[in-house]
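The values are calculated or read from the model by the stated rules, or taken from the named source; none is laboratory data. Given the structure is predicted, the values throughout are model-derived calculations rather than measurements. Here the Cβ positions follow ideal geometry from the backbone for every residue, glycine too, while neighbour counts run over all protein chains shown.
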Amino acid sequence: MNLKNTFRESGKLFRDVMVVVVGIAITFSLNNWMSNSKERKDIQQYLYALKMELEENLNNVENVARYHKEAMYLCRYLNEYKPESYQIDSIAKYNLIINGTKSFSYKTSAFEMLKMSGTMRLIKDKELLSKIWNSYQALEATKSSNDY
């Protein structure tokens with residue numbers, strides 16, 4: 001009888017230990033799932049902010065490109081004709097080009113936040129990361145070129 005009680009006690013102890021182990025495993029799995037879900041959400045938020053920032057930067061690049069295209073047309077016009085044959089209407093068309101210069105600036109706040117947050121390491125698509133870095137390098141090159 002004593003041996004039977006020992007097996008029962010061992011069985012109860014084993015069952016209790018297994019319940020605790022399974023509970024801990026479920027807790028870790030749930031915690032891991034929640035962490036992964038939060039990381040995916042963070043990545044999506046950063047990528048959305050980058051998209052918005054890059055779209056705004058693209059708009060700035062296009063504005064500067066239009067300005068320089070018009071400046072090129074003005075230079076061509078001035079080179080093709082003699083000053084005495086310049087037309088007032090033609091010159092007036094280039095008034096914004098004549099009276100100012102187009103500075104170029106771009107935003108990097110979303111990119112800087114992504115770099116500082118450490119979330120960049122969680123992005124598995126290395127080609128996407130490369131394209132993001134290249135985009136900001138191209139913006140810097142465009143700024144340098146425009147400033148020159």
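Kindly establish whether Lys69 is surrounded by 13 or more Cβ atoms within 10 Å (Cβ to Cβ) and of a type in the set (Lys, Arg). No; evaluated as a whole, the condition is false for this residue.
Before we move on, is Ile98 among the aliphatic types (A, V, I, L, M) and either in contact with a Ser or Thr (Cβ under 9 Å, 6 or more places away or on another chain) or more than 30 Å from Ser37 (Cβ to Cβ) (or both)? Here the answer is yes, as Ile98 does meet what is asked. One residue alone among Glu53, Glu62 is surrounded by 13 or more Cβ atoms within 10 Å (Cβ to Cβ) and at pLDDT 85 or above, and that residue is Glu53.
A Cβ distance below 9 Å, combined with a sequence gap of six or more or placement on separate chains, defines the contacts here; from the stretch 65-82, residues that are touching a residue at least 24 places away in the same chain (Cβ under 8 Å) and aliphatic (A, V, I, L, M) reach residues that are surrounded by 11 or more Cβ atoms within 10 Å (Cβ to Cβ) and not in a helix (DSSP H, G or I) in the pairs Ala71/Tyr94; Ala71/Lys102; Leu74/Tyr94. Do we have any residue at all in the stretch 22-30 that's under 31 Å from the mean Cα position of the chain (by Cα), modelled with pLDDT of 85 or more and in a helix (DSSP H, G or I)? For the stretch 22-30, residues under 31 Å from the mean Cα position of the chain (by Cα), modelled with pLDDT of 85 or more and in a helix (DSSP H, G or I): present.
Give the stretch 76-133 a look and list any residue that's surrounded by 10 or more Cβ atoms within 10 Å (Cβ to Cβ), part of a helix (DSSP H, G or I) and of a type in the set (D, E, K, R), or say none. Scanning the stretch 76-133 gives Arg76, Lys93, Glu112, Lys115, Lys131.
Confirm whether Tyr73 is part of a helix (DSSP H, G or I) and of a type in the set (Phe, Trp, Tyr). Yes; evaluated as a whole, the condition is true for this residue. Of all residues in the stretch 92-109, those satisfying the criterion of being under 25 Å from Asp147 (Cα atoms), free of Cβ contacts under 8 Å to residues at least 40 places away in the same chain and among the hydrophobic types (A, V, I, L, M, F, W, C) are Leu96, Ile97, Ile98.
Would you mind stating whether Leu54 is in contact (Cβ under 8 Å) with a residue 24 or more places away in the chain and of a type outside the set (Lys, Arg)?
It is true that Leu54 is in contact (Cβ under 8 Å) with a residue 24 or more places away in the chain and of a type outside the set (Lys, Arg).
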